[in-house]
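After the structure tokens below, expect a handful of questions from me.
The values are calculated or read from the model by the stated rules, or taken from the named source; none is laboratory data. Please read all numbers here as calculations on a predicted model, not as lab measurements. Please note that ligands, DNA and RNA were not included when accessible areas were found on the heavy atoms of the full protein model with its side chains. Shrake-Rupley method; radii C 1.70, N 1.55, O 1.52, S 1.80 Å.
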Amino acid sequence: MTQFATQIEMQESAIFEHKSAGFWVRFFAFLIDVFLVNTVLVGLLLQNIIPKSIWENELILYISISAVLSGVMFYIYFILMTKFLSQTLGKMIFGLKVVRDDGEPLSWSTVLFREGVGRFISMTVKILYLIIPFTPKHKAVHDFIADTHVIHERAYSKKEQVVSQTVEV
């Protein structure tokens with residue numbers, strides 16, 4: 001007797017998944033974050049802590065202390081907010097959240113690669129942000145580096161999945 005597999009039933013089942021955040025909503029969330037970092041963290045905190053003469057005049061390898069500290073505050077903000085809340089204040093306003101592709105919680109290594117290394121690459125070569133509309137799940141370079149993507153917290157899309165069963169005869 002020969003054996004072969006036959007499809008005896010195909011059914012369609014609806015599975016819902018979080019909707020991926022697109023380019024423009026991520027862009028505006030990022031603008032809010034940059035505004036907050038520059039005005040609140042750098043403008044109010046650092047300029048009031050560090051004396052004005054040091055802030056404006058001292059250089060480290062031809063870069064002002066203000067530029068170095070602003071960059072440090074930028075990365076600290078994104079790393080800490082993403083690690084502990086999975087979102088920054090800009091993302092909170094738009095209801096966005098960073099998740100890992102495998103569904104696990106964000107680890108320190110994931111966040112450091114995404115927000116540190118990946119965002120440094122993206123900020124250095126800004127044109128790389130333009131890949132977001134053309135990639136699956138609207139992923140940026142730093143998302144590919146860390147195997148993450150950004151979702152809408154309260155929006156879902158229907159994911160069609162065909163389930164088939166086979167029987168050996």
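For TYR75 and ILE49, compute 0.36 nm times the residue count separating them, minus their Cα-Cα distance, and round to one decimal in nm.
Length difference between fully extended and current span is 7.5 nm.
How much accessible surface does VAL25 have with a 1.4 Å probe, in Å² rounded to 10?
30 Å²
Take the residue pairs LYS19/LYS139; LYS91/LYS139; LYS91/LYS126; LYS83/LYS126; LYS83/LYS137; LYS19/LYS83 and return only those whose Cα atoms are more than 18 Å apart.
Those over the limit are LYS91/LYS126; LYS83/LYS126; LYS83/LYS137; LYS19/LYS83.
Moving to a separate point now. On the full set of protein chains, 1.4 Å probe, figure out the accessible area of MET73 and give it in Å² to the nearest 10.
That residue has around 40 Å² of solvent-accessible surface.
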